[in-house]
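Trainee: Before I ask anything, here is the structure I am working with.
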Amino acid sequence: MSTPGELGMYDPAFVAEHAPWLRRGLFRYFRADVSGLEHLPEGPFVAVGNHSGATLIPDTLVWLAEYHTAGRSTPLLTLAHDQLFTAYPAPLSRALARLGAVRACPSLARRALDAGYAVQLYPGGDYDACRSYARRDEIVFAGRRGYVDLAREAGVPLVPVVSHGAHAALFVLWDGAALAEALDLPRRLRLATFPLSLSLPWGLWLGPLPGYWPLPTRITVRALPPVSPEGPPDEVDARVRDAMQAELTRLALRARRERRGRPESAP
């Protein structure tokens with residue numbers, strides 16, 4: 001039997017049984033709006049996303065619930081942090097692995113693409129998921145662009161997937177990247193941040209949260225047209241980030257207008 005985090009744990013029958021009720025609950029609670037699946041190519045691809053909400057990353061859950069219930073012919077695996085497989089309760093780690101979570105390892109991702117899977121990844125990692133609330137409308141990849149090499153070497157397109165809203169599920173006051181560096185956490189635990197956050201039920205908390213109760217923020221996810229990975233990696237990375245930042249800015253502006261009771265087309 002495969003170990004959670006490795007290839008071979010994805011279970012289509014388990015996904016078919018559990019993804020629909022997960023989608024119903026998540027979409028109702030977060031008033032979720034997901035669109036752009038028509039942009040997804042048939043066959044393997046690398047989906048490049050931003051995500052928010054620290055340890056819970058509810059926008060990722062919304063996106064995966066939508067993908068897994070949309071009748072797509074290409075199964076999707078998601079690269080996840082080592083902590084999901086080493087620090088989470090074993091039954092939860094196993095369930096998430098059966099839903100498609102694998103370790104964020106380049107060789108595993110390449111093997112998955114070669115085997116016919118699509119791969120969802122988040123280059124910004126915890127720099128992105130734990131960025132401060134003041135930076136909630138920024139695409140943060142922290143200079144990471146290995147995803148471009150992965151797609152080019154596998155000969156598959158890049159699909160930007162932009163999410164907005166999940167950073168209001170809690171409030172990250174400070175990312176704690178300097179503290180994480182001082183504690184040598186990048187080497188010891190592959191943690192680049194040590195955030196100071198405000199959440200339910202913990203209140204003010206320093207460090208990775210042991211789960212939390214998310215506030216019912218509205219989450220919006222958009223899949224954008226594919227980007228070719230061919231060309232200098234820095235230029236491809238810039239094209240992906242520019243497209244994602246433009247869409248995230250648009251979604252943030254629309255959300256502010258909706259809160260003020262103004263239509264999206266208003267000046």
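The values are calculated or read from the model by the stated rules, or taken from the named source; none is laboratory data. Just so you know, these numbers come straight off a predicted model, no measurement behind them. Ideal geometry is used to build each Cβ from the backbone, glycine not excepted, and the neighbour counts take in all protein chains shown. Heads up: the accessible areas ignore ligands, DNA and RNA and are worked out on the full protein's heavy atoms, side chains in. Shrake-Rupley method; radii C 1.70, N 1.55, O 1.52, S 1.80 Å.
Trainee: Out of all the residues in the stretch 44-71, which are part of a helix (DSSP H, G or I), among the aliphatic types (A, V, I, L, M) and without any contact (Cβ under 8 Å) to a residue 60 or more places away in the chain? Step through it out loud before you land on a result.
Mentor: Taking the stretch 44-71 as the starting set, the residues that turn out to be part of a helix (DSSP H, G or I) are 58-68.
Imposing the further condition that a residue be among the aliphatic types (A, V, I, L, M) reduces the set to 61-62, 64-65.
Selection gives Leu61, Leu64, Ala65.
Trainee: Can you say whether Ala192 is open to solvent by less than 20 Å² (accessible area, probe 1.4 Å), touching a Pro at 6+ places or on another chain (Cβ under 8 Å) and either under 30 Å from Leu37 (Cα atoms) or basic (Lys, Arg) (or both), as far as the supplied structure shows? Before you say what the answer is, go through the steps one by one.
Mentor: Values: open to solvent by less than 20 Å² (accessible area, probe 1.4 Å): yes; touching a Pro at 6+ places or on another chain (Cβ under 8 Å): yes; either under 30 Å from Leu37 (Cα atoms) or basic (Lys, Arg) (or both): no.
Judged against the criteria, Ala192 is not a match.
Trainee: Separate question: Please tell me if Pro216 is open to solvent by 60 Å² or more (accessible area, probe 1.4 Å), in a loop (DSSP other than H, G, I, E, B) and modelled with pLDDT of 95 or more. Before the answer, list the steps.
Mentor: Values: open to solvent by 60 Å² or more (accessible area, probe 1.4 Å): yes; in a loop (DSSP other than H, G, I, E, B): yes; modelled with pLDDT of 95 or more: yes.
For Pro216, the condition - open to solvent by 60 Å² or more (accessible area, probe 1.4 Å), in a loop (DSSP other than H, G, I, E, B) and modelled with pLDDT of 95 or more - is met.
Trainee: Looking at (1) among the acidic types (Asp, Glu); (2) open to solvent by less than 70 Å² (accessible area, probe 1.4 Å); (3) over 26 Å from Val227 (Cβ atoms), which is the only condition Asp128 fails?
Mentor: For Asp128, the failing item is (3).
Trainee: Among the candidates Pro20, Pro41, single out the residue that is outside any helix (DSSP H, G or I), open to solvent by 10 Å² or more (accessible area, probe 1.4 Å) and not β-branched (Val, Ile, Thr).
Mentor: On the way: Pro20 fails: outside any helix (DSSP H, G or I).
That would be Pro41, the only listed residue that is outside any helix (DSSP H, G or I), open to solvent by 10 Å² or more (accessible area, probe 1.4 Å) and not β-branched (Val, Ile, Thr).
Trainee: Can you report the number of residues in the stretch 146-169 which are under 22 Å from Ala246 (Cα atoms) and surrounded by fewer than 17 Cβ atoms within 10 Å (Cβ to Cβ)?
Mentor: Total satisfying the criteria: 1.
Trainee: Let me ask something additional. How many residues does the stretch 1-17 contain that are part of a loop (DSSP other than H, G, I, E, B) and among the small types (Gly, Ala, Ser)? Don't jump to the end; show me each part of the working.
Mentor: Keep residues of the stretch 1-17 that are part of a loop (DSSP other than H, G, I, E, B), which gives 1-4, 6-11.
Now restrict to residues that are among the small types (Gly, Ala, Ser): 2, 8.
Total satisfying the criteria: 2.
Trainee: Which one is surrounded by the fewest Cβ atoms within 10 Å (Cβ to Cβ) among residues in the stretch 56-80 that are over 11 Å from the mean Cα position of the chain (by Cα) and polar (S, T, N, Q)? Let's see the steps before the verdict.
Mentor: Narrowing the stretch 56-80 to residues over 11 Å from the mean Cα position of the chain (by Cα): 65-77.
Restricting the remaining residues to those that are polar (S, T, N, Q) gives 69, 73-74.
Numbers: Thr69: 17, Ser73: 7, Thr74: 14.
Top of the filtered list is Ser73.
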